[in-house]
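Enquirer: Dropping the structure in here first, questions after.
The values are calculated or read from the model by the stated rules, or taken from the named source; none is laboratory data. Just so it is clear, the structure is predicted and the values come from calculations on it, not from any experiment. Note that we place each Cβ from the backbone using ideal geometry, even for glycine, and neighbour counts take in every protein chain shown.
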Amino acid sequence: MVRVVITDHDFDDLAVEREVLDGVADVVELADRPGVDVDPGDLVDADAVLNLRSTLSADHVDALSGCRVVARYGIGVDNVDLGAANDAGVPVTNVPDYCQEEVATHAVALLLALARGLGRYDASVAAGDWDRDVATPLHRLSTQTVGVVGYGAIGRAVGARAAALEASVVASDPFLSPDDLDDDPATLVEFDELLDRADYVTVHSPLTPETEGLFDASTFERMRDSAYLVNVARGPIVDDEALAAALDAGTLRGAALDVFPSEPPAADHPLRGHDRVVATPHVAWYSEEANTERRRTAATIVKRALAGESIPNVQNEPSA
C-alpha cells in the first residue's frame, strides 16, 4: 500500500486525513505534537508527506527517494529546505487561503486591544485597582493611521477592516504598484514612509531572507514614539530583543504579538508578561472551520499527487 507520512500535528485525531485518503494510502503518524525532530530514516518509504511545523532539512529531503509531494498544513514553507526539494524533484505545497478571515480579524482584535488599552486596564482591575489613567492617552481610531506591511490577501483584509473602523490606511509591499490598489482603501507607500506615518504597524509579510529581522533597532528608531506594533505573521521578522529595548526606552508605545522567534518564549523572555505587550499563543489562524479546511485541503493535494494529477499551490520549482 502507498504510504503517507504525517511528520507532526496538533489534531485530536487523524479522521480527516484518513477519510480523504481512504483506499488510497496508509496514513502513518510519526508524532501527535507539533514541531518534533524527525528522523530522516522515518521518511525513506514515504510516497507523500504531510507536515505541520517540523523542520525538513536537506537530509530529510534526501531521504525522500520516492516522494510525490510534501504538503504543508499552512501558509509558510520556511521550515522546508526548498532548494533541496527542487534538486530532488519534490513539489512542496501549502494551503494559502484557509485562515485569511481569522488572521485578519485577530490582527485587528489585537490592534483594538492596544488602541483601547485593554491589557493595562485588565491588569489594573485584576490587581484590585480601578485606574482610568493607567492606559492614557487614548485616541479615536478615526484620527489614527494603520500601516500594513505586506499587502497580500490577509494584508488587504486587515486594511479593509481598519478602514471600516474609520482609520486611515497605508500599505507597503515591494511587489505592488499604486495601480494595484485602485479600488482599495489603502494608499501604497514606501516602507520608510509607512514607518514615518503609521500609528499602528501591522505585519503580514512572509518570512524570507529579506524580511527576517526587518523590524530591528533601526526600524523601531524610525517609528513614531507613540506607535504600536502588531505581528501575526512570523516571529523572526521581528528582532524581539530590539523590540523589548524599544518598549523599555519608550521609543515604541506598545506591541501585540501572536508569534515569537522561538515558541513558546522562555519564561524569562523580556516580552513575556511585559506591561506594554499583549500576547497570544500563535492562534491567529485558528477557528474550527479553518482547522478542518487546512487539513482537508492538504490531504486532497496529497491524494491528487498520488493519482498522478496536477496539484495546486506548489511553492518551489522542482526539477523534472
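Enquirer: So is L114 assigned to a helix (DSSP H, G or I) and either of a type in the set (G, A, S) or surrounded by 23 or more Cβ atoms within 10 Å (Cβ to Cβ) (or both) or not?
Expert: yes
Enquirer: Looking only at region 282-303, decide whether some residue is touching a Lys or Arg at 6+ places or on another chain (Cβ under 6 Å) and part of a helix (DSSP H, G or I).
Expert: The answer is no; no qualifying residue exists.
Enquirer: Turning to a different aspect of this structure: Within region 241-262, identify whether any single residue is without any contact (Cβ under 8 Å) to a residue 12 or more places away in the chain, part of a loop (DSSP other than H, G, I, E, B) and either assigned by TED's automatic domain parsing to the domain that holds R197 or buried (at least 18 other Cβ atoms within 10 Å of the Cβ) (or both), and answer yes or no.
Expert: Scanning region 241-262, I find no residue that is without any contact (Cβ under 8 Å) to a residue 12 or more places away in the chain, part of a loop (DSSP other than H, G, I, E, B) and either assigned by TED's automatic domain parsing to the domain that holds R197 or buried (at least 18 other Cβ atoms within 10 Å of the Cβ) (or both), so the answer is no.
Enquirer: Outside the structural domain of D8 (by TED's automatic domain parsing), touching a residue at least 40 places away in the same chain (Cβ under 8 Å) and surrounded by 14 or more Cβ atoms within 10 Å (Cβ to Cβ): does that describe G152?
Expert: yes
Enquirer: Another one. Across region 117-139, which residue is surrounded by the most Cβ atoms within 10 Å (Cβ to Cβ) among those that are free of Cβ contacts under 8 Å to residues at least 12 places away in the same chain and part of a loop (DSSP other than H, G, I, E, B)?
Expert: D131
Enquirer: Additional query: Which one of D22, D32, D45 is surrounded by fewer than 16 Cβ atoms within 10 Å (Cβ to Cβ), under 30 Å from S319 (Cβ atoms) and not assigned by TED's automatic domain parsing to the domain that holds A233?
Expert: Values: D22 fails: under 30 Å from S319 (Cβ atoms); D32 fails: under 30 Å from S319 (Cβ atoms).
Result of the check over D22, D32, D45: D45.
Enquirer: At least 1 residues that are of a type outside the set (K, R), in contact with a helix residue (DSSP H, G or I) (Cβ under 6 Å, 6 or more places away or on another chain) and under 24 Å from E101 (Cα atoms) in each: list the helices (runs of 4 or more DSSP H) lying fully within region 142-230 that qualify.
Expert: Values: elements: 153-164, 191-197, 217-222.
Output list reads 153-164.
Enquirer: When you scan region 168-179, do you find a residue that is touching a Ser or Thr at 6+ places or on another chain (Cβ under 6 Å) and in the same structural domain as R116 (by TED's automatic domain parsing), even just one?
Expert: yes
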